[in-house]
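The values are calculated or read from the model by the stated rules, or taken from the named source; none is laboratory data. Just so we're clear, the structure is a prediction, and the values are computed from it rather than from any experiment. Every residue, glycine as well, gets a Cβ built from its backbone with ideal geometry; the counts of neighbours run over all protein chains shown.
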Amino acid sequence: MKIILPGFFLVLLLTFLSVFPAIAQVPDPGLLGTHTVIKAEYNLGDTSYLPPAAAMFPKKMEEIGSVHYPSDLSSGPFPVILFLHGRHSTCYNLTTLSDNGNWPCPAGQAPITSYEGYDYLANTMASHGYIVISISANAINAIDGSLSDYGMNARGVLVQHHLDLWKGWSTTDTSGPFHSLFVGKLNMQNIGTMGHSRGGEGVVFNAEYNASLGSPYGIKAIFTLAPVDFLRHVLYGIPLCDLSPYCDGDVNDLQGVHFYDDARYSDTADAAPKHHILMMGADHDLFNTVWTPGSYIAGGFDDWLYSYSNTATWCGAGASGTGRFDTTVQKAALNAYLPAFFRVYIGHENQFVPILFTDSIAPPASSMLDTGQVYVSFHASKYNRLDLNRTDSLDRMTTNTVAGTVTESGLVSSQVCGNYLMEPDCGITTYKAMKPHNGGAGTLGVSMMGMQWNDSVQYYMNTIPAAYQNISVYTDINFRVSVNFKQQTTGPNLNFTVELIDSVGDSSRQVVANYTNALFHQPGTQTGDLPKMMLNTVKIPLSKFTGINLAKVRKVKFLFNKSDTGSILVSDLAFTNPVCGTFTPAYKDSIVHNTYKVIFTNTSIAGNGDSLRYLWNFGQPGSGVYDTSTLTNPIHTYSAAGTYTACLYVTSYQKNDFICVDSACKTIVIPTRTGVPSLQLPQISIYPNPAKNYLMVNGAEPTDVLTVFNLYGQVVLKTTITGQTLPLPESLPSGVYSAVITTGFGKVVKKLVIER
Amino acid sequence: MKNRTFIIILVALLGSCTLPVYGQKTASASLAAVIEKGNTVEFTLTSSRPFVFGNNRYVLHIGDKVFFRNRQSYDETTLVGSLTFMVDKNDFNALQNGKGIYLTYGYAEETEQALEEFTKNKFPGSWSLGKFSKDILSK
């Protein structure tokens, strides 16, 4: 049966339909959507904005930006994405084309429009129904080196100011550059922000600033692109994705990974998932077309060449066997992964969840990447995770996070390391840029479990206490891992086995290399920069561990029997389950005897603490808007006997920030009525009569329909009787009308007089 | 349309232009002046090339102390890039004579020993600027 859903019901249904077939084949998030996209610019002045004291910024800033939006805005409001660029030259000399850090640009110079460097991303997102704003921050870049906060507070305030501007332009302020074009078109409660480089830390500061103001805007997801993290603020409560380019020649210590690392366990109330993407051949600047050499008039530079030659091992674009992405690939890669993140957390398109949660490690085709060129890590919401061993203190060598014992047998070395305070440095006695997760002088890093082996019988084992042995409620076991390049200097990818042992001693094994390429030897030989030790998530489905009782798993063992020798670092050993937790859509139906009226009773069950919303479709398209309902327990009156398919679509707003949809459909058979319906017509009255501005209907059901005809038989009003008082449109002139109330038992006709 | 054509031609020519290139970490750098200004002591470093106008931080290391606040410029006529660090006078007074002075791009957390290795091995992004002495202020 064809089901026709109007408006947002259709969107909701399409979302549902796109979610559940997704696991088999993940759609490509980098492809263009169906919307035609328009780009527009706004420029209120180079020094038109004097920021408040919170910005800690001594000068006026520019109010300049661009917006990409669907050409057909009629289905708005649309979710909003805002981009903030990083630090780059601000002006260029019109004669010599040399670039500099002036602001505003003096005579003979022109601005470098860094904010336009993400137009390709904006175009992709807008084609999927987003309004994408990208703002200029040159005034900050011009002087932030002299500021104690490097301009981060100013960046946060500037983002907030642009959101304020757009709030005005989308509501009451039609005096702006777009007049009334965007009125009602921006959903300021569903916003994603992306910051590149210093802009990455800037959007984190903005989230904090927005929260400090009482969260006037709904910032629902943050993407930090090769960010700095100078001030080590920790973002909680908002889904985060951080991207590290392995060949970053600017922020070469990949310090932005701390945004992921620092937020994992430090706030027990934080339920927001975190993601990390490592792109093995990307540099810092080529994500921005304005910063890309050859694609803008001035200032473009391959930051890898800040330090090293074009033929340097791996990251030099001209090296034999180079691992570098060319400019097209680098942008294509971001153009796949950034939309995947925002379309999950802003668009609630859960079909891309397998990309973010490594169910699928094959990169989307549009990214132009192969497996091995990109690694995605995730830290699931606390509601979707049981931490077996956080490896977050020296004690975790003997006792894990669930108070089980931890043992090893025969390892060459094993130690919790990397945090810096009271912990060794995992044997990576080298420079900070080569170990981004590690702590350094005065800064904390990630505690990891370092393990080195040289015999196939050696192992590392976590015991699970009885209270946690039922892992059948989870779907995966996962951990982050990296090869320790200082102790394992060469050779093919490492490999080992994960073994689960249940309470009666049955065991099942899975080989790690079947699920990841993360055990690779990090490339590059530029001491001080490369190679870099980066942790990447390995995820193994528990369903693969067959022949054991997953309800009573007593031990998790890493058995080092696949590589003769090896040295690895492991963190965040956990069991996880799907982002869409358990909820059960269901309903009962009851046909009122000898009528076409069906009483639907919702029996859906929500997951613990999640909230459910409902959309019913009664399978009778001919009833138009009355074919759907958002009530919990609706009553629907079919127009005739017959067989119908009634569906209940349940949207679960989950504690982990995900919105999930499932459904239950049933066949409803409405028998032919017998007897005289008129005998069962309810006693319905209308008053006042004559009426002026409103009409009251007594005795009707909420699903009954009032239709008013004029003397020519034309329908002048049709409305569901949702309440007793129904307003009469001013357009109805004084006169005599027929009021027909359609009920589940038949029609009641009343004479209605309107006197104006 | 004319403007667009002009820009396209300029972009096409870019590869053959010899421009002052931002960001060669390998360029030389030297300490040009140390001047007291009120409660601040300014260390001015110069280079024959522009200093990187990027996202990482230039860091002035003196012993185990690090200083970040700076302003940078490039003089197109003299082709000299400048980087001026602003050090609080109290912090300046607390510095110990004989400690090494280093400039790095990034590498804020490296130890003095690591910086010695950096400069000894000529790693990019690090420069040794001699030993610190309070007498430097008269320079």
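I'd like to verify a number: residues in the stretch A:33-77 that are surrounded by fewer than 13 Cβ atoms within 10 Å (Cβ to Cβ), part of a loop (DSSP other than H, G, I, E, B) and more than 24 Å from the chain's Cα centre (by Cα), how many?
Number of matching residues: 8.
Please go through the stretch B:105-115 and pick out each residue that is within 18 Å of the chain's Cα centre (by Cα) and in a helix (DSSP H, G or I).
Correct list: B:Glu112, B:Leu115.
Look at the stretch A:376-417 and say how many of its residues are of a type in the set (A, V, I, L, M), over 22 Å from A:Tyr260 (Cα atoms) and in a strand (DSSP E or B).
Qualifying residue count, the stretch A:376-417: 1.
Kindly provide the set of residues from the stretch A:1-49 that are among the aromatic types (Phe, Trp, Tyr), at pLDDT below 50 and farther than 28 Å from A:Asp359 by Cβ, ordered by number.
Residues satisfying the conditions are A:Phe8, A:Phe9.
Can you work out which of the residues in the stretch A:420-450 that are more than 14 Å from chain B (Cβ to nearest Cβ) and not in a strand (DSSP E or B) is nearest to the chain's Cα centre (by Cα)?
Once the filter is applied, the top-ranked residue is A:Val446.
Does B:Ser82 count as surrounded by fewer than 19 Cβ atoms within 10 Å (Cβ to Cβ), within 12 Å of chain A (Cβ to nearest Cβ) and in a strand (DSSP E or B)?
no
How many of the residues making up the stretch A:138-175 are in contact (Cβ under 8 Å) with a residue 24 or more places away in the chain, out of contact with any Leu (no Cβ under 6 Å at 6 or more places or on another chain), assigned to a loop (DSSP other than H, G, I, E, B) and away from chain B (no Cβ under 12 Å)?
Residues in the stretch A:138-175 being in contact (Cβ under 8 Å) with a residue 24 or more places away in the chain, out of contact with any Leu (no Cβ under 6 Å at 6 or more places or on another chain), assigned to a loop (DSSP other than H, G, I, E, B) and away from chain B (no Cβ under 12 Å): 0 in total.
Mind listing whichever residues of the stretch A:412-459 are over 18 Å from A:Lys532 (Cα atoms), among the charged types (D, E, K, R) and in contact with a Gly (Cβ under 7 Å, 6 or more places away or on another chain)?
A:Asp455
If I ask for residues that are free of Cβ contacts under 8 Å to residues at least 24 places away in the same chain and among the charged types (D, E, K, R), which ones from the stretch B:38-74 would you list?
Scanning the stretch B:38-74 gives B:Arg69, B:Arg71.
Can you tell which of B:Phe118, B:Phe123 is surrounded by 14 or more Cβ atoms within 10 Å (Cβ to Cβ), facing another protein chain (nearest Cβ under 10 Å), in a helix (DSSP H, G or I) and modelled with pLDDT under 95?
It is B:Phe118.
Tell me which residues, restricted to the stretch A:110-123, are more than 11 Å from every other protein chain (Cβ to nearest Cβ) and outside any helix (DSSP H, G or I).
Of everything in the stretch A:110-123, those that are more than 11 Å from every other protein chain (Cβ to nearest Cβ) and outside any helix (DSSP H, G or I) turn out to be A:Pro111, A:Thr113.
Looking for whichever is under 30 Å from A:Ala333 (Cα atoms), surrounded by fewer than 22 Cβ atoms within 10 Å (Cβ to Cβ), charged (D, E, K, R) and in contact (Cβ under 8 Å) with a residue 60 or more places away in the chain here; the options are A:Asp359, A:Asp370. Which one fits?
Criteria check complete, one pass: A:Asp359.
Go through the stretch A:183-226 and report how many residues are closer than 22 Å to A:Tyr265 by Cβ, over 18 Å from the mean Cα position of the chain (by Cα) and touching a residue at least 40 places away in the same chain (Cβ under 8 Å).
2
For the stretch A:417-442, how many residues are in contact with an Asp or Glu (Cβ under 6 Å, 6 or more places away or on another chain), over 16 Å from A:Asn252 (Cβ atoms) and buried (at least 18 other Cβ atoms within 10 Å of the Cβ)?
So the answer is 1.
Can you name the residue in the stretch A:366-403 that is aromatic (Phe, Trp, Tyr) and out of contact with any Ser or Thr (no Cβ under 7 Å at 6 or more places or on another chain) and is also modelled with the highest pLDDT among such residues?
Here the residue is A:Tyr375.
For A:Asn206, only one of the following conditions fails: (1) under 27 Å from A:Ala340 (Cα atoms); (2) in contact with a Pro (Cβ under 9 Å, 6 or more places away or on another chain); (3) of a type outside the set (A, V, I, L, M, F, W, C). What is its number?
Tallying (1) under 27 Å from A:Ala340 (Cα atoms); (2) in contact with a Pro (Cβ under 9 Å, 6 or more places away or on another chain); (3) of a type outside the set (A, V, I, L, M, F, W, C), A:Asn206 fails exactly one: (2).
For the stretch A:192-206, give me each residue that is more than 14 Å from chain B (Cβ to nearest Cβ) and either part of a strand (DSSP E or B) or modelled with pLDDT under 95 (or both).
A:Gly192, A:Thr193, A:Met194
Which one is farthest from the other protein chains (Cβ to nearest Cβ) among residues in the stretch A:90-107 that are under 19 Å from B:Thr78 (Cβ atoms) and in a loop (DSSP other than H, G, I, E, B)?
A:Pro106
Filter the stretch A:251-295 down to the residues that are farther than 20 Å from A:Glu201 by Cβ, without any contact (Cβ under 8 Å) to a residue 40 or more places away in the chain and away from chain B (no Cβ under 14 Å) and list them by number.
Passing the criteria: only A:Ala269.
Please work out if B:Glu42 is part of a loop (DSSP other than H, G, I, E, B), of a type outside the set (A, V, I, L, M, F, W, C) and within 13 Å of chain A (Cβ to nearest Cβ).
The answer is no for B:Glu42.
Could you list, in sequence order, the residues of the stretch A:296-314 that are in contact (Cβ under 8 Å) with a residue 24 or more places away in the chain and either closer than 30 Å to A:Thr96 by Cα or within 12 Å of chain B (Cβ to nearest Cβ) (or both)?
Of everything in the stretch A:296-314, those that are in contact (Cβ under 8 Å) with a residue 24 or more places away in the chain and either closer than 30 Å to A:Thr96 by Cα or within 12 Å of chain B (Cβ to nearest Cβ) (or both) turn out to be A:Tyr296, A:Ile297, A:Ala298, A:Gly299, A:Asp302, A:Asp303, A:Trp304, A:Leu305, A:Tyr306, A:Ser307, A:Tyr308, A:Ala312.
Identify, by number, the condition in (1) surrounded by fewer than 17 Cβ atoms within 10 Å (Cβ to Cβ); (2) closer than 30 Å to A:His275 by Cβ; (3) touching a residue at least 60 places away in the same chain (Cβ under 8 Å); (4) of a type outside the set (Val, Ile, Thr) that A:Asp662 doesn't meet.
Condition (1) is where A:Asp662 drops out.
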